[in-house]
Amino acid sequence: MKTTVRTVGQVSVVDLSGKITIGEGDVILRDKVQELLDGGHRKVLLNLEKVSYMDSAGIGELVAVFKRAREKGGTVKLLRPSGKVEDLLQLTKLWEVFEIFNEEAPAVGSF
Amino acid sequence: MAAATTVKIVFGSGVPLVDFVHETTEKLAALAGCDEEESLNAAIAVREAVINAVAHGNKKDPARRVEVHFKVRPGKVEVRVRDEGEGFDPASTPDPTAGDNRLKTTGRGLLLIRAFVDDVAFRYREGRGMELALVKRHRGRKPAALTHAASA
């Protein structure tokens, strides 16, 4: 999985592409968000548009970064999950836990 | 009638072969006649069963094996995932979608398995470990667990 980070105002937008799965994608996600939190960034928007799939480990890491950010007074929100990723967020009822947006501007404005 | 195609994958408990098993499942499901989404769904379920076998059944002990047995027939793929662990009671696993369980970082494997295949059966092989038997059929429609997700 690949990640790039953009800053839009005070929000760190993390563009993810590939799969968030056990042993690789989940670790990359964890490390990237931790890096942002350690750097004092508290507003994180994960752009899932190009994430094709997550397994239970990837979903677990999504929850973990959400909790870690919250512990530091920050927030993690999600942008444009689609296809199988959207199915999985619905199935696991995480659709009700995260704030999820289809467009970036309102997502950034919501922080 | 042509003989069923069977494939067996055996490996020590570790993560590196999870992707290989996932990809093999997709290909074999397609061979059975499953469409692209059905094949991916079968692979998702098998992947979770394998992760459970590695992490929970075999406690990531590389000396303990995971066996994945595939049987492919027209319209159907059957997969048995076996570990060498102490077994568990699937009925006693907490619902990961209930209340505060949603904020747990683990515990979703069985939910995904049940959602993405047609039949799931658990069997503890006394002294030899747990077996999950999964069946995925070609139906040409989305699994029921996903069709009402948007309205949940």
note = By residue number, the members of region B:12-49 that are in a helix (DSSP H, G or I), without any contact (Cβ under 8 Å) to a residue 40 or more places away in the chain and within 10 Å of another protein chain (Cβ to nearest Cβ) are B:V18, B:D19, B:H22, B:L40, B:A43, B:R47
task = Please find, among A:A105, A:A69, A:A57, the residue that is under 26 Å from B:R114 (Cα atoms), assigned to a helix (DSSP H, G or I) and not aromatic (F, W, Y).
result = A:A57
message = For region B:131-152, give me each residue that is over 17 Å from B:A29 (Cβ atoms) and at pLDDT 95 or above.
response = B:E131
query = Could we say that A:F111 is more than 12 Å from the chain's Cα centre (by Cα), surrounded by fewer than 21 Cβ atoms within 10 Å (Cβ to Cβ) and in a loop (DSSP other than H, G, I, E, B) here?
reply = yes
request  = Hey, could you check region A:49-98 for residues that are among the basic types (K, R) and more than 8 Å from chain B (Cβ to nearest Cβ) and say which is farthest from B:A42 (Cα to Cα)?
outcome  = A:K72
request  = Go through region B:26-48 and give me each residue that's within 19 Å of A:I20 (Cβ to Cβ) and crowded, with 23+ Cβ neighbours inside 10 Å.
outcome  = B:N41, B:A43, B:I44, B:A45, B:V46, B:R47, B:E48
request  = With the checklist (1) away from chain A (no Cβ under 14 Å); (2) modelled with pLDDT of 95 or more; (3) surrounded by fewer than 14 Cβ atoms within 10 Å (Cβ to Cβ) in hand, flag the one item B:V77 doesn't pass.
outcome  = (3)
task = Answer yes or no as to whether A:G23 is more than 13 Å from the chain's Cα centre (by Cα), within 14 Å of chain B (Cβ to nearest Cβ) and either closer than 23 Å to A:D87 by Cβ or exposed (fewer than 15 other Cβ atoms within 10 Å of the Cβ) (or both).
result = yes
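The values are calculated or read from the model by the stated rules, or taken from the named source; none is laboratory data. From a predicted model like this one, the values you see are computed outputs, not experimental measurements. So basically every Cβ, Gly included, is an ideal-geometry build from the backbone, and we count neighbours across all protein chains shown.
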